[in-house]
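Only one structure is covered here, and it is reproduced in the block below.
What follows draws every value from the coordinates through simple rules; no lab data is involved. Quick caveat, the model's predicted, so the values are computed rather than measured. FYI the Cβ positions are ideal-geometry reconstructions off the backbone, even for glycines, and counts take in every protein chain you see.
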Amino acid sequence: MTSESVAGATARDGGTRRIIVMMGAPGAGKGTQAERLADELGLPHVSTGELFREMLGSDSKLGRKVRGYVESGGLVPDDIVVAMVKGRLDEPDAAGGVILDGFPRTVAQAEALDRMLRKVGAAVTAVLYIEVPQEMLLARLTGRRICTLDDQHVYHVVAMPPRKEGICDVDGAELYQRKDDSEKTVQGRLDQQLPPMFEVVDYYAGHDVLFPVRGDQPPDGVTADLLRVVAVRDAA
């Protein structure tokens, strides 16, 4: 990302470039809310998951590096993840800002993002943290049920239950729970992913840009609260 291209894009319609970071545990609804905010605010939703998929299909130098780590089963180093995000921020549609989803995941990545933005006179506008109690996360993540005949028929015991418990509405086949959705497996993922996330939360809290929002309410209520935070930040 060149300083000329980004520095010239730090403002749009007279406003400051908005760099919004979405945070939340698996099952918090972060991705859904990021998409909603992107539509409401007219900013691109930059998902690192999507960036990784694009890199895996790319024959660029960076894409080959990412593919090499993924195919070997190794973790992609922070500097490569940061370079991937940096390239996305230089795209024309990111001129007015972005909504970052899935980045930063570590304090090192958060520090790298701050350095990257500081070089072009920008900064993180707000970190929107969707807070959900762990027991609710478990219920959300373990509630998925899938049709034994067609895995495109997906239900959730709370959010989208079938008309008849354990039976697919479409073809009458039995539903099952994937091993990845078992409580033991889900709890293991949370135990692994939450500590580094909390470190990033603490980092941004220390920089006075963290804004927690209750995630244990209907999605529309979460969206409304997030938009209120952004409006307050825009007016500051």
If unit charges are put on Cβ atoms (+1 for Lys and Arg, -1 for Asp and Glu) and the dipole of region 104-170 is taken about its Cα centre, the option from Leu117, His156, Tyr129 lying farthest towards the positive end turns out to be Leu117
Out of Ser58, Ser72, Ser47, a Gaussian network model of the chain with alpha-carbon springs under 10 Å gives the largest mean-square fluctuation to Ser72
Normalised per residue, the volume inside the convex hull of the alpha-carbon atoms of region 186-236 in Å³ amounts to 81
Per the C-alpha gyration tensor (a ≥ b ≥ c, the square roots of its eigenvalues), region 114-199 is rounded if a/c is under 1.5, else prolate if a/b beats b/c, else oblate; here it's prolate
Rg/Rh over Cα atoms for region 54-141, Kirkwood Rh, comes to 1.03
Toy charge model, Lys and Arg Cβ at +1, Asp and Glu Cβ at -1: region 91-151 dipole around Cα centroid in debye, rounded to 20, equals 200
Rh_Kirkwood(the chain) over Cα pairs, Å, one decimal, evaluates to 19.5
Listing Met23, Met160 by rising number of other beta-carbon atoms within 10 angstrom, fewest first, gives Met160, Met23
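Mind sorting Ile20, Ile99, Ile80 by how few other Cβ atoms lie within 10 Å of their own Cβ, fewest first? Intermediate results must be reported in sequence, preceding the final value.
Details: Ile20 27, Ile99 24, Ile80 16.
Ranked by crowding around the Cβ, least crowded first: Ile80, Ile99, Ile20.
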Partner lysines whose C-alpha sits under 26 Å from that of Lys61, ignoring same-chain residues fewer than 8 away, are Lys86, Lys119
Cα-based Rg and Dmax for region 99-155, in Å, come out at 18.4, 55
Region 147-196 and region 67-89 have their Cα centres apart by a whole-number Å value of 30
Tilt, helix 219-235 to longest principal axis of the chain (alpha-carbon atoms), in degrees rounded to tens, equals 10
Asp59 neighbourhood, Cβ < 13 Å, K/R = +1, D/E = -1, net charge +3
To the nearest 20 debye, region 49-132 has a Cα-centred charge dipole, built from +1 on Lys and Arg Cβ and -1 on Asp and Glu Cβ, of 300
Candidates Val85, Val98, Val186; GNM for the chain (alpha-carbon contacts under 10 Å) flags as most fluctuating Val186
antiparallel share of DSSP beta bridges within region 96-236, to nearest 5, in %, is 60
Of all GluC sites (Glu not before Pro) in region 158-236, the ones in DSSP coil with at most 14 other Cβ atoms within 10 Å are Glu165
Ranking Ala236, Gln187, Gly172 by how far each Cα lies towards the positive end of the charge dipole of region 131-236 (+1 on Lys and Arg Cβ, -1 on Asp and Glu Cβ), the top one is Gly172
With +1 at each Lys and Arg Cβ and -1 at each Asp and Glu Cβ, the charge dipole magnitude of the chain around its Cα centre, to the nearest 20 debye, comes out at 400
